[in-house]
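Notes for the one structure printed next.
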Amino acid sequence: MKDTFKHKGLRKQLVATLVSKGIKDVSVLEAIGSIPRHLFMDSSFLDHAYQDKAFPIAANQTISQPYTVAFQSELLEVSPEDKVLEIGTGSGYQAAVLCLLGAHVYSIERQIELFKKTSKFLPKIGYVAKRLIFGDGYKGLPDEAPFDRIIVTAGAPFVPKPLMSQLKIGGRLVIPVGDKDQIMTLYIRKGAKEFEKHELGNFKFVPLLENKS
Ligand code: SAH
């Protein structure tokens, strides 16, 4: 599949929509403006790829709504060379945004089908994560910790302790917390045991699952 003039035009419109919804971070907008989102979706959804909507991908999962990706990425405040852990690789779209922000990306996915598909696909279109891991994001990634930034892209019923402890001091954790719908929550680690908490509105994610069902 190609990235055509038409796709580029649609991306410009999508970026304008995100600006109108309040996204300000220029590097996040530039990333979304340059990533061919249509390649992350099944071809039957080609026409929808640049609408500001979530869409189904393999294994009953979704590629997050562009606004949600932009909102979480903006909150994360990634600097180039930051070590960033993502929970929920899914299609790899959010991981691609993190790559373009200059991050060293580590991303965990618990669905083997998605893990395999995305591990092949992402580097093929030029987005190279440091590591894509098949595993349970509730545990984080202790052998690579600590991280400057951690982003969870599935709805977490609670904040997993390992994610808090694997954050650097001064680091930021962005996590949607809740069962049916979620409150986007930002934790900033101020000290060994001190976290600042900010709640930033309601969102709806697929669930962060603990045990394989
Ligand atoms: N970041 C993705 C969003 C995918 S939806 C994207 O840009 O496309 C959330 C993803 O989290 C799903 O792929 C789901 O399989 C995964 N997930 C759910 N529970 C998980 C867990 N405990 N550990 C790792 N990934 C998990």
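For segment 35-53, the set of residues classified as in a helix (DSSP H, G or I) and of a type in the set (D, E) consists of D47 only.
Output yes when any residue across segment 53-68 is away from the ligand (no atom under 12 Å from the Cβ) and at pLDDT below 95, and no when none is. Yes. With the condition kept exactly as written, say whether any residue in segment 120-127 is within 13 Å of the ligand (Cβ to nearest atom), at negative phi and hydroxyl-bearing (S, T, Y). Yes; the residues of segment 120-127 include at least one that is within 13 Å of the ligand (Cβ to nearest atom), at negative phi and hydroxyl-bearing (S, T, Y). If the condition is being assigned to a loop (DSSP other than H, G, I, E, B) and either at pLDDT below 95 or within 8 Å of the ligand (Cβ to nearest atom) (or both), then segment 77-108 contributes G88, T89, G90, S91, G92. Can you name every residue in segment 169-194 that is at negative phi and open to solvent by 40 Å² or more (accessible area, probe 1.4 Å)? Answer for segment 169-194, where residues must be at negative phi and open to solvent by 40 Å² or more (accessible area, probe 1.4 Å): I169, D179, K180, D181, I183, K190, A192, K193, E194. Summed over segment 116-129, the residues that are free of Cβ contacts under 8 Å to residues at least 40 places away in the same chain and open to solvent by 50 Å² or more (accessible area, probe 1.4 Å) give a count of 6. Scanning segment 130-163 for residues that are more than 21 Å from I183 (Cβ to Cβ) and part of a helix (DSSP H, G or I), we see that the one that is most open to solvent (accessible area, probe 1.4 Å) is K139.
Screening the candidates F115, F134 for the property of being more than 22 Å from P66 (Cα to Cα), within 14 Å of the ligand (Cβ to nearest atom) and of a type in the set (A, V, I, L, M, F, W, C) yields one hit, F134. Among the residues of segment 61-99, those that are open to solvent by 20 Å² or more (accessible area, probe 1.4 Å) and free of Cβ contacts under 8 Å to residues at least 40 places away in the same chain comprise Q65, P80, E81, C99.
Determine, yes or no, whether Q166 is open to solvent by less than 20 Å² (accessible area, probe 1.4 Å), within 19 Å of G90 (Cβ to Cβ) and among the polar types (S, T, N, Q). Before the answer, list the steps.
Values: open to solvent by less than 20 Å² (accessible area, probe 1.4 Å): yes; within 19 Å of G90 (Cβ to Cβ): no; among the polar types (S, T, N, Q): yes.
Here the answer is no, as Q166 does not meet what is asked.
The values are calculated or read from the model by the stated rules, or taken from the named source; none is laboratory data. Computed from a predicted model, the values in this text were never measured in an experiment. Neighbour counts are summed over all protein chains in view; Cβ atoms, including those assigned to glycine, are modelled from backbone coordinates with ideal geometry. Areas reflect the complete protein model, heavy atoms only, side chains present, ligands, DNA and RNA absent. Shrake-Rupley method; radii C 1.70, N 1.55, O 1.52, S 1.80 Å.
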